[in-house]
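Heads up, the thing below is written out as structure tokens.
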Amino acid sequence: MKTLIRNIGMLISGDIRRPLLDADSIQIVDGRIAAVGKGLEDGADTVIDAKGSTVVPGLIDSHCHPVFGDFTPRQRTLDFIDSGLNGGLTTMISAGEVHLPGRPKDIVGLKALAIVAAKAYANARPSGVKVHAGAPILELGLVEEDFAEMARAGVRLVGEIGLGSVRTGKDAAPMVKWAKKHGMTVTIHTGGPSIAGSSPISAEVVLEAAPHVVGHINGGTTSMSEREIDALVATDMALEIVHCGNGRTALHTLARAKDAKALDRVIIGNDAPSGTGVVPLGILRVIAHLTSLGGIEPEEAICMATGNTARVYGLHAGVVEPGREADLCVVDAPIGSVGKTARDALRAGDLCGISMVLIDGQVRIGRSRNTPPAARAAEVVKGHGPAGGGH
């Protein structure tokens, strides 16, 4: 199947080294981006007119807590993933299935949960969203063969270190090495405890453990000190800023990362569902926050929520270039904004209005039911299009 998106006013690549592309068309073949350029035409089965608005990669939530299917026991909410799709999310990455009622903490049980979660979401995509799950919470007693067994079964993540009985750098460090050896990407909790049974994690613990990702560096919800954040910015680890954290230290982290020329290491997550709730527009809100208050360009913030995260987790989405998965959002300034484009609206602190989301080249939604309406709405002018969203 061939899809063509034409009449793009601005194209944001997701690659923070080159965030803006000089192109007005995207060709998609069998779910992958085939070409990016100007005035492309190829007799596509589906043609989308972007109406001069902006196209960005589908947003990636680097920190979610799913369980199974599109239901969260923590907030007793159905369809939170579908709501996230209406906030531009096309990929979600689990930081641990911690909200499963009766979550097993023995070694056999935690491995089983990770394997089942990884396989379940690989087999079923709620509303088409790609949920990468199966992120075991580390407990004392795990040995290298446990990581090897999980890796052989398809587990590629390690959930937030600190939510289980592994709480010190000394205990975490060998497990992190085993996880890395077997191809897993590791996240660590930071700041104060978030749920009963979890522990505060300091920068000292993070430095000794040496994971890939400093989970919610701005707190989940209670933040580390600015001094500790500075010490972690000075490493080569990914720096995760989340919606459900501390807004002040989010901006502090951004400023320090900018000074260190490390914006390519900043990634964005929700840290939800959580006690803060379900936040379908959380990633968009962080992008607007960092742009309007943090002194970076909107396209840079969008890259933090797309290509940066894709690179950390080895995903084939997140960047607009040939060969990548065609997960895309068509956005514009919302009606009533002082901005005339999505970029201007974000600079002013407004959210984008989403008029269309594609996953693997297939149109999943038209006008978002959650964002304010886009001033210019993309339209399927050939082929079958989606019904418009509503409130």
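For the stretch 1-156, the spread of Cα positions along the three principal axes, ordered from largest to smallest, is 59, 34, 30 Å. Placing unit charges on the Cβ atoms of the charged side chains and taking the dipole of the stretch 240-281 about its Cα centre, the candidate lying farthest along the positive direction among 276, 244, 263 is 263. Each part gets one Cα centre, and for the stretch 149-179 versus the stretch 100-142 those centres are 13 Å apart. The residues of the chain expose, per residue, 37 Å² of accessible area to a 1.4 Å probe.
Label zone of residue 344 (point 7 Å out along Cα→Cβ, amide N under 17 Å): in the stretch 37-54 this covers 51-54. Ratio of alpha-carbon Rg to the 2.2 N^0.38 Å globular estimate for the stretch 111-251, to two decimals, please. Taking the Cα Rg and dividing by 2.2 N^0.38 Å, one obtains 1.04.
Once divided by 2.2 N^0.38 Å, the Cα radius of gyration of the chain becomes 0.95. Stokes-Einstein diffusion of the stretch 49-98 at 25 °C, 0.890 mPa s viscosity, Kirkwood radius from Cα pairs, rounded to a whole number: 201 µm²/s.
In the stretch 318-389, the portion of solvent-accessible area held by carbon and sulfur atoms comes to 47 percent [1.4 Å probe, whole percent, DNA, RNA and ligands not counted]. With helices as the sole contributors, the chain gives -8000 deg cm²/dmol at 222 nm; each DSSP H run of n ≥ 4 counts as -39500 (n - 2.57), and the sum is divided by every residue. Charge dipole (Cα centre; +1 on Lys/Arg Cβ, -1 on Asp/Glu Cβ; no other charges) of the chain amounts to roughly 260 debye. So for the stretch 17-103, what percent of the C-alpha to C-alpha distances run longer than 23 Å? So the portion of pairs separated by more than 23 Å is 44 percent. Using a simple spin-label model with pseudo-atoms 7 Å out from Cα toward Cβ, residue 148 and residue 382 lie 5.5 nm apart. The length gained on full extension between residue 260 and residue 29, counted as 0.36 nm times the residue separation minus their Cα-Cα distance, comes to 79.2 nm. Show me the trypsin sites (Lys or Arg not before Pro) within the stretch 41-115 that DSSP assigns to loop and that have at most 16 other Cβ atoms within 10 Å of their Cβ. When the trypsin sites (Lys or Arg not before Pro) of the stretch 41-115 are filtered for loop state and at most 16 Cβ neighbours within 10 Å, 76, 105 remain.
Computed extension length for residue 335-residue 38: 104.2 nm, one decimal, from 0.36 nm per residue of separation with the Cα-Cα distance subtracted.
Viscosity 0.692 mPa s, temperature 37 °C: give me the Stokes-Einstein translational D for the stretch 96-143 in µm²/s, with Rh taken as the Kirkwood radius over C-alpha pairs. Reported coefficient: 290 µm²/s. Rg/Rh, computed from the Cα trace of the stretch 175-226 with Rh as the Kirkwood radius, has the value 1.00.
The alpha-carbon atoms of the stretch 1-59, seen along their principal axes, cover 32, 22, 19 angstrom, with the largest extent given first. Spin-label model, residue 76/residue 180: points 7 Å from Cα along the beta carbon direction are separated by 4.4 nm. With K and R counted +1 and D and E -1, the other residues having a Cβ less than 14 Å from that of residue 168 yield a net charge of -2.
The values are calculated or read from the model by the stated rules, or taken from the named source; none is laboratory data. Just so we're clear, the structure is a prediction, and the values are computed from it rather than from any experiment. With ideal geometry, Cβ positions are generated from the backbone for all residues, glycine too; neighbour counts draw on all protein chains shown. We work out accessible area using only protein heavy atoms, side chains counted, and drop any ligands, DNA or RNA first. Shrake-Rupley method; radii C 1.70, N 1.55, O 1.52, S 1.80 Å.
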